[in-house]
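Let me begin by presenting the structure, written as structure tokens, before commenting on it.
The values are calculated or read from the model by the stated rules, or taken from the named source; none is laboratory data. Keep in mind that what you see is a predicted model, and the values were worked out from it rather than measured. Using ideal geometry, Cβ is built from the backbone for each residue, glycine included, and neighbour counts are taken over all protein chains shown. What goes into the accessible areas is simple: the full protein's heavy atoms, side chains included, and nothing from ligands, DNA or RNA. Shrake-Rupley method; radii C 1.70, N 1.55, O 1.52, S 1.80 Å.
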Amino acid sequence: MFKHLPVGKKIASIFSCIVALLVAVAFLISAEIDLVRKEIVNLTDSTLPSVAQVEALRYELSTIRTGQYAILTYEDEHQAYQHIERVDRQVLMVNQMLKRMTPLSLPIMSSRCLTVLFRRGKSTKTR
């Protein structure tokens, strides 16, 4: 097929084949770039804010747990109840955060449980 063509036309046909391949590869790359762009928009619009919310929730839960353990160390009952009220406010705030994130909420130790634990701890200290 190419035997009878002059050298100039052979070179031109090879270059046109290469250009056709480059155009096809360019269209494939363009389609893949659009797909990646859509995935990045999905990541930045939904996933990253969710990660930030979970990180804030994790911080609040650790603060609550630290406060609950601190309550057990108080010997003054008035001071302990003030701290229990503060922890209760934090628990309410975390429950609101959870309701905004999902319909399920995690069980967090209530003030009633803390009061019982405080009284048990106080009774063992006086013995």
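Rounded, prolate or oblate for the stretch 1-94? Axes are the square roots of the Cα gyration tensor eigenvalues, ordered a ≥ b ≥ c, and the cut-off for rounded is a/c under 1.5. Note, shape of the stretch 1-94 comes out prolate. Viscosity 0.692 mPa s, temperature 37 °C: what is the translational diffusion coefficient of the stretch 14-66 from Stokes-Einstein with a Kirkwood Rh over Cα pairs, rounded to a whole number of µm²/s? Here the translational diffusion coefficient equals 224 µm²/s. Counting only protein heavy atoms and a 1.4 Å probe, the stretch 1-107 has 80 square angstrom of accessible area per residue.
Positive end of the dipole of the stretch 7-95 (Cβ unit charges, origin at the Cα centre): among L21, H78, V41, the Cα lying farthest that way belongs to L21. Taking label positions 7 Å along the Cα-Cβ direction at both V19 and S46, the computed distance is 4.4 nm, reported to one decimal.
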